[in-house]
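**Q** Questions regarding the structure given below will be posed in turn.
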Amino acid sequence: MQGTSGQNVKISIIGASGYTGAELLRLLSFHPFANVVSVTSRQFEGKRIKDVFPHLSRMKFENLKFESYEKEKIAEKSDVVFLCLPHKTAYPIVKELYETKKTLKIIDFSADFRFKNPEIYEKTYGVNHTAKELFQKSAYGLPEINREEIKIKNVIANPGCYPTSVILGLYPAKKAGLVETSFPVIADSKSGLTGAGRKSTLDFTFCEVNESFKAYAVEGHRHAPEIAEKLEIESVRFTPHLIPMNRGILSTIYFKTQSSKEELRRVYEEFYSNEYFIRLREKPPKTSDVAGTNFCDIYVTKDESTGLGIVVSVIDNIGKGASGQAVQNMNIICGFPETTGLEFPGNWI
């Protein structure tokens, strides 16, 4: 595996034909040390990448063909494996790949290893997790709060896109003890359609989403426990919304605090002073500011009339919310500068 020696990293992507897989391939095309050796897809087996994703034509992996998943073949030829699979389907694959090759580094896009306690995962996702022993070998893959653990673990649980925006938006205030936990944290989040995945269902057809805007999972969303655990907050009111755009997440977070606006901003500036992918803004950012990038833009203020701190946090849901963050995690694992391959923002959808 490439670290400091200058050799390429051999990469396989399982489930590479979705939006996150396509974005991952785009970003890795810019990565000087990335050598994608295998991509799997049941739907497009035998087709070349450029035939499925024409925007990747003339890029260095354009002629690589999608193939079926074979654990021995993947494990043997790979240093790093990205799993772009749905929740509840990834952990059996993670387990068999790890058992086949224990030096393999696995970056999992699903929620299957995001929790410290597997019982919380089982309760949240309604499934019996059969790879509980790997929780000790996994790290939550949010570099800005968990970098040192990411360096040493075998399985990196790439965070959810909504939790990434909310956790990065609130973490400095919570870490500094400026959040009054007796008052529930309220996270109001809006996402573009790519967050639902590349699938054909009535709810995501053009006529259903165009010129419309809706909240969903209002009674409770599976990302709320993830946000609560990582922020160590018992009461989180998280409400997701679907908006008619391709990519992006905007989260507005409200929390009770005794701190002034000036103190909050000072805390955020100090906490994120050395974080390249965090940009603190002087006015509320918009999703187009971060489209196609790995940045999280954050605006912090306070409403003195209510005593509420307010944070507006925006990310690209398939950038910093998925594939960009996964590449950032790979860079940490391999000892590259974290910005490697992520210096070339561009929006393809």
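Read the figures in this text as sums done on the coordinates, not as results from a lab. Quick caveat: nothing in here was measured; it's all calculated off a predicted structure. All Cβ positions, even for glycine, are placed from backbone atoms using ideal geometry, and neighbour counts span all protein chains on display.
**Q** Where does each of 212, 78 land when they are ranked from fewest to most other beta-carbon atoms within 10 angstrom? Don't skip to the end; give the middle numbers.
**A** Numbers: 212 10, 78 25.
Going from least to most buried by this count: 212, 78.
**Q** Placing one identical point scatterer on every Cα of the chain and ignoring solvent, what is log10 I(q)/I(0) from the Debye formula at q = 0.07, 0.09, 0.12, 0.14 Å⁻¹?
**A** -0.28, -0.47, -0.85, -1.16
**Q** Over what distance in Å are the Cα centres of region 51-80 and region 238-264 separated?
**A** If we compute the Cα centre of each part, the gap is 37 Å.
**Q** In whole Å, what is the distance between the alpha-carbon centres of region 92-156 and region 32-50?
**A** 24
**Q** Tell me which residues come under 5 Å, amide H to amide H, from residue 214 once H is placed; ignore anything under 5 positions away on its chain.
**A** The answer is 242.
**Q** Using the Cα atoms of region 162-317, I'd like the radius of gyration and the largest Cα-Cα distance, Dmax, both in angstrom.
**A** 15.7, 47
**Q** Would you mind checking the tilt of helix 90-100 against the longest principal axis of the Cα atoms of the chain, expressed as 0 to 90 degrees and rounded to 10?
**A** 50
**Q** Once you compute Rg and the Kirkwood Rh from C-alpha atoms, what is the Rg to Rh ratio for region 263-307?
**A** 1.03
**Q** Compute a Gaussian network model of the chain, connecting alpha carbons closer than 10 Å, and tell me which residue from 209, 94, 300 fluctuates the most.
**A** 209
**Q** May I ask you to derive the FRET efficiency for residue 203 and residue 343 from their Cβ-Cβ distance with R0 = 35 Å, giving the value to the nearest 0.05? Let's see the in-between values first.
**A** Working: r = 36 Å, r/R0 = 1.04.
Plugging the Cβ-Cβ distance into 1/(1 + (r/R0)^6) gives 0.45.
**Q** Using the reciprocal of the averaged 1/r over all distinct C-alpha pairs, how large is the Kirkwood radius of region 95-244 in Å? Write down the numbers at each step before the final one.
**A** Working: mean 1/r = 0.0587 Å⁻¹.
When all Cα pairs of region 95-244 are included, the Kirkwood radius is 17.0 Å.
**Q** Please find, in a Gaussian network model of the chain (springs between Cα atoms separated by less than 10 Å), the residue of 239, 194, 89 whose mean-square fluctuation is greatest.
**A** Looking only at 239, 194, 89, the largest GNM fluctuation is found for 89.
**Q** Just from its helices, what would the mean residue ellipticity at 222 nm be for the chain, if runs of 4 or more DSSP H residues each count -39500 (n - 2.57) and the sum is divided by every residue, rounded to the nearest 500 deg cm²/dmol? Provide the component values of the computation, followed by the final result.
**A** Details: 11 runs with 101 residues, N = 349.
Computed mean residue ellipticity for the chain: -8000 deg cm²/dmol.
**Q** Turning to a different aspect of this structure: Using only Cα atoms, find the angle between the long axis of helix 261-271 and the longest principal axis of the chain, and express it within 0 to 90 degrees, rounded to the nearest 10.
**A** 30
**Q** For the Cα atoms of the chain, what angle does the longest principal axis make with the long axis of helix 143-152, in degrees from 0 to 90, nearest 10?
**A** On a 0 to 90 degree scale, this one is about 40.
**Q** Here's something else I'd like to know. What's the ranking of 161-171, 307-317, 24-34 by average number of surrounding C-beta atoms within 10 Å, highest first?
**A** Result, highest mean first: 161-171, 307-317, 24-34.
**Q** On to the next question. Which cross-chain or sequence-distant (5 or more) residues have an amide H under 5 Å from the amide H of residue 248, H modelled 1.01 Å from N in plane?
**A** 192, 317, 318
**Q** Percent antiparallel among DSSP beta bridges with both residues in the chain, to the nearest 5?
**A** Working: 25 of 57 bridges.
Close to 45 percent.
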